[in-house]
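Novice: Have a look at this one.
A short reminder: the numbers here are calculations on the coordinates, not readings from a lab. What you see is a predicted model; the values in this text were computed from it and never measured. FYI the Cβ positions are ideal-geometry reconstructions off the backbone, even for glycines, and counts take in every protein chain you see.
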Amino acid sequence: MAGGGRGADAGAATPDAHAVHPTYCGHCGEPLADAGHDTCTRRLELEPPRYCPACRRRMVVQVTPRGWTASCSRHGVTTA
């Protein structure tokens, strides 16, 4: 399950395997319905997500000089 990332929008996650409607915060893993994710949103502009936004599973993240990949065992790979 591979795909391409975005060049100019490197901080934004691009789900490659499936179109996922986010339910959980990719930074802290808490439900998006809870308030207080302003800091998380700012951090996700600079860092890869650590939690799957669809199922809240901890993702395997690999950072390279050219970008990053985050892999969920259920929802596939996200790249930037």
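Novice: State the extension gain, in nm to one decimal, for the chain segment bounded by CYS55 and ARG74, taking 0.36 nm per residue of separation less the distance between their alpha-carbons.
Specialist: 6.0 nm
Novice: Per-residue HN-Hα couplings for region 68-76, Karplus 6.51 cos²θ - 1.76 cosθ + 1.60 at θ = phi - 60°, whole Hz, x for Gly and Pro?
Specialist: Running phi through 6.51 cos²θ - 1.76 cosθ + 1.60 with θ = phi - 60° gives 8, 10, 10, 10, 9, 5, 9, 10, x Hz.
Novice: Which whole-Hz couplings ³J(HN,Hα) result when phi for each residue of region 33-48 is put into the Karplus expression 6.51 cos²θ - 1.76 cosθ + 1.60, θ = phi - 60°, listed in order with x for Gly and Pro?
Specialist: Along region 33-48, the couplings run 5, 6, 6, x, 9, 4, 5, 4, 4, 5, 5, 5, 6, 10, 10, x Hz.
Novice: Counting only residues 5 or more places away or on other chains, whose amide H sits under 5 Å from the amide H of ARG57 once H atoms are built in the peptide plane?
Specialist: For ARG57, whose amide H was placed from the backbone, the distant partners under 5 Å are CYS52.
Novice: If I model a spin label as a point 7 Å beyond the Cα along the Cα-Cβ vector, how far apart are those points for VAL63 and ASP38 in nm?
Specialist: Roughly 2.5 nm, to one decimal.
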